[in-house]
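Pasting a structure here, questions to come.
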Amino acid sequence: MKYSTLPNTDIKVSKICLGSMTWGEQNTESEGHEQIEYAISQGVNFIDTAELYSVPAKKETQGSTERVIGSWLKKHGKRDEVVIASKIVGPAEFSKHIRKGDFSKQEIADAIHKSLERLQTDYIDLYQLHWPERQTNYFGKLGYTHDEDDSWKDNFAKVLEHLDGFVKEGKIRHIGVSNETPYGLMRYTEEARKGAPKMITVQNPYNLLNRKDEIGLAEILHRENIGHLPYSPLGFGMLTGKYLEEIPKNSRVDLFPNYNRYMNENSYKATRLYNEIAKKHNISLTQLSLAFVNQQPFVTSNIIGATTVEQLTENIGSIHLTLSDEIINEINEVHAQIPNPAP
């Protein structure tokens with residue numbers, strides 16, 4: 001395994017982070033435990049979760065993923081050997097069964113206390129805002145269109161003040177954002193310059209079919225020393241190649257057809273071209289896709305997920321693959337032809 005340091009901290013995390021959002025829906029508790037144990041045996045020490053999970057979001061399974069992690073921690077007592085990241089929901093129709101979804105002190109307190117209880121721990125290493133309160137482009141929306149009816153008022157400083165209180169209490173150690181834009185990340189960074197705690201990471205989708213964070217965000221990450229935690233590095237499974245012929249039975253898209261963000265015509269065209277590169281160099285499309293993300297200079301840890309240990313084995317194994325300049329050039333040629341087909 002390879003490791004990096006969470007920016008502005010002394011916390012070392014594996015370059016592969018274990019994603020967990022299927023635990024409690026597509027995976028049972030015992031399967032979740034099996035994945036954790038295998039990942040740790042391979043040197044992974046970083047686990048990402050959220051109060052929203054498992055997915056798809058619904059009242060009956062909300063918080064189930066944190067409970068799976070919590071029961072594993074209770075069983076093994078290895079809290080100091082793992083770094084745990086979780087998230088508070090933002091406002092959305094699909095999360096109204098949890099709370100209103102703003103980042104008031106009361107809502108953050110409720111979220112943190114319930115996550116700590118489910119995780120059966122006294123602290124969360126990295127606590128993230130799952131998506132912004134304001135109306136902006138995330139969850140598959142590429143362009144920004146201003147909404148005159150958006151009632152949000154600038155509250156970046158106040159949100160950081162609320163979070164800082166829980167840092168000082170020891171309930172959370174560090175803070176980050178998720179599904180955030182360059183504007184939002186810079187506004188938080190400006191407040192940090194005034195003395196507020198700093199958002200040390202951003203967790204956004206990033207993969208061969210969605211490289212939009214290279215456009216405006218990557219420079220911020222470099223110049224402001226902020227880490228990137230890519231999620232969906234395989235584009236909801238599209239970049240494994242399993243959807244190129246037909247949709248496999250019991251795959252995520254088969255079970256949840258609305259998970260089709262990566263399945264438009266240009267995504268298929270690009271994926272077939274990337275698959276040809278993988279075949280030419282005798283590697284799997286899965287490992288090509290993950291290795292590309294792993295070796296991006298702005299990436300702190302790549303969040304991979306799986307529903308089977310076999311998938312997990314291949315995904316974690318990508319850390320041992322380094323793509324040559326030749327392969328990177330071939331990838332970039334495809335990207336130039338079909339840039340960001342699935343934002």
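When the chain is modelled as a GNM with alpha-carbon springs shorter than 10 Å, which of Leu285, Leu244, Leu255 fluctuates the most?
Leu255
Right, another one. Scan the stretch 228-259 for trypsin sites (Lys or Arg not before Pro) in coil per DSSP, keeping those whose Cβ has at most 11 other Cβ atoms within 10 Å, and list them by number. Numbers along the way, then the final one.
Working: sites: Lys242, Lys249, Arg252; in loops: Lys242, Lys249.
Within the stretch 228-259, the qualifying trypsin sites (Lys or Arg not before Pro) (loop, at most 11 other Cβ atoms within 10 Å) are Lys249.
Moving on. Out of Ile327, Ile108, Ile247, any idea which swings most in a Gaussian network model of the chain, alpha carbons joined below 10 Å?
Maximum fluctuation in the GNM of the chain, among the listed residues, is at Ile247.
In whole Hz, what ³J(HN,Hα) sequence does the stretch 206-220 give by Karplus (6.51, -1.76, 1.60; θ = phi - 60°), x for Gly and Pro?
7, 6, 4, 9, 8, 10, 4, 5, 6, 6, x, 8, 4, 5, 4
How much of the DSSP beta bridge set in the stretch 1-141 is antiparallel, as a percent to the nearest 5? Write down the numbers at each step before the final one.
Details: 3 of 13 bridges.
If I count the DSSP bridges inside the stretch 1-141, around 25 percent turn out antiparallel.
Then there is this: In the stretch 70-106, which trypsin sites (Lys or Arg not before Pro) fall in coil by DSSP and have 15 or fewer other Cβ atoms within 10 Å?
Details: sites: Lys74, Lys75, Lys78, Arg79, Lys87, Lys96, Arg99, Lys100, Lys105; in loops: Lys78, Lys96, Arg99, Lys100.
Sites meeting the loop and neighbour criteria: Lys78, Lys96, Lys100.
Report the FRET efficiency, 1/(1 + (r/R0)^6), for Glu333 and Phe94, where r is their Cβ-Cβ distance and R0 is 30 Å, rounded to 0.05.
Values: r = 38 Å, r/R0 = 1.26.
Calculated transfer efficiency: 0.20.
Now for a different question. Give a residue-ordered list of calculated ³J(HN,Hα) values for the stretch 45-55 (Karplus: 6.51 cos²θ - 1.76 cosθ + 1.60, θ = phi - 60°; whole Hz; x for Gly, Pro).
10, 10, 10, 10, 9, 6, 5, 5, 5, 7, 10
For Ala50, list long-range residues whose amide hydrogen, built 1.01 Å from N in the peptide plane, is under 5 Å from its own amide hydrogen.
Glu66, Lys87
Near the amide H of Ile175, under 5 Å away, which other amide H atoms are found, from residues 5 or more places off or on another chain, if H is placed in the peptide plane?
Tyr127, Ile200
Okay, moving on. Going 7 Å from the Cα of Ser104 along its beta-carbon direction, which residues of the stretch 61-90 have the amide nitrogen within less than 20 Å of the resulting point?
88-90
Let me ask something else about it. Considering only DSSP states other than H, G, I, E and B, which trypsin sites (Lys or Arg not before Pro) in the stretch 151-212 qualify as loop sites with at most 11 other Cβ atoms within 10 Å? Numbers along the way, then the final one.
Numbers: sites: Lys153, Lys158, Lys168, Lys171, Arg173, Arg187, Arg193, Lys194, Lys198, Arg211, Lys212; in loops: Lys153, Lys171, Lys194, Lys198, Arg211, Lys212.
Sparse-neighbourhood loop trypsin sites (Lys or Arg not before Pro): Lys153, Lys194.
Please turn the phi angles of the stretch 20-26 into ³J(HN,Hα) values with the Karplus equation 6.51 cos²θ - 1.76 cosθ + 1.60 (θ = phi - 60°), one per residue in order, whole Hz, x for glycine and proline.
Here the 3J(HN,Hα) series is 9, 5, 8, 6, x, 10, 7 Hz.
Would you mind checking which residues have amide H under 5 Å from Ile16's amide H? H placed 1.01 Å from N; only 5 or more apart, or other chain.
Lys2, Asn302
What net charge do the residues around Glu34 carry, taking every other residue with its C-beta under 15 Å from that of Glu34, with Lys and Arg at +1 and Asp and Glu at -1? Before the final figure, lay out the partial values.
Details: positive: Lys75; negative: Glu29, Glu31, Glu37, Glu310.
Within the 15 Å Cβ shell, the charges total -3.
Something else about it: Between Glu314 and Asn250, what is the label-to-label distance in nm when each label sits 7 Å out along the Cα-to-Cβ direction?
It works out to 1.6 nm between the two label points.
Please report the antiparallel percentage of DSSP beta bridges with both residues in the chain, rounded to the nearest 5. Working shown, then result.
Working: 4 of 30 bridges.
Just about 15 percent of them are antiparallel.
Follow-up question, since we're still on this one. Give me the net charge of Asp122's neighbourhood, meaning all other residues with Cβ under 10 Å from the Cβ of Asp122; Lys, Arg count +1, Asp, Glu -1. Show your work: numbers first, answer last.
Working: positive: Arg79, Lys171; negative: none.
So the environment of Asp122 carries a net charge of +2.
Here is a further query. Per residue and in cubic angstrom, what volume does the convex hull of the Cα atoms of the chain have? Numbers along the way, then the final one.
On the way: hull volume 45.1 nm³, N = 343.
With only Cα atoms used, the chain gives 131 Å³ per residue.
For the chain, set up a GNM with springs between Cα atoms under 10 Å and report which of Asn179, Asn264, Asn315 has the largest fluctuation.
Comparing Asn179, Asn264, Asn315 in a Gaussian network model of the chain, the most mobile one is Asn264.
What longest region of the chain stays clear of GluC sites (Glu not before Pro) that DSSP places outside H, G, I, E and B and that have at most 15 other Cβ atoms within 10 Å?
Values: sites that count: Glu60, Glu148, Glu245, Glu246.
Counting at most 15 other Cβ atoms within 10 Å as exposed, the longest clean stretch of the chain is 247-343.
Can you list the residues of the stretch 100-132 with backbone N under 12 Å from a point 7 Å past the Cα of His162, pointing along Cα to Cβ?
100-112, 129-130
FYI, it's all coordinate maths here, none of it is from the lab. Fair warning: this is a prediction, and the values are worked out from it, not measured in the lab. When we count neighbours, we look across all protein chains shown, and the Cβ atoms used for this are built from the backbone with ideal geometry, even at glycine.
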